[in-house]
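The values are calculated or read from the model by the stated rules, or taken from the named source; none is laboratory data. No experiment lies behind these values; they were computed from the predicted model shown. Every residue, glycine among them, receives a Cβ derived from its backbone with ideal geometry; neighbour counts consider all protein chains shown.
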Amino acid sequence: MAKKRISGLQCPACHKIVLRSDPEFPFCSERCRLIDLGKWASGAYVVSTPINDPEEGEGPSPKRFRPAGPTDPNAKSKPN
């Protein structure tokens, strides 16, 4: 006998089954939605791979993200 396919997923916070027709989908409730938002805000979730801009070529240049300072050999010093 063929199994009937349920059009739903598990809530990411509490793992209850949530149907696509539920108003809070993919969460089961507003509470679980706020729990998930709090995890993103606190840094519990992170994007594991860097986002590469196709216009930049192979990837971002390491010098681009370094602040200019005394450890940067290309930094220009201000006259006193």
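Key figures for this structure:
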| item | result |
| --- | --- |
| Filtered residues of the stretch 18-30 (kept if closer than 22 Å to TYR45 by Cβ and either hydrophobic (A, V, I, L, M, F, W, C) or surrounded by 13 or more Cβ atoms within 10 Å (Cβ to Cβ) (or both)) | VAL18, GLU24, PHE25, PRO26, PHE27, CYS28, SER29 |
| Scope the stretch 21-48; condition in a helix (DSSP H, G or I) and closer than 15 Å to LEU9 by Cα; matching residues | CYS32, ARG33 |
| Positions within the stretch 17-32 being at pLDDT below 95 and of a type in the set (D, E, K, R), in sequence order | ARG20, ASP22, GLU24 |
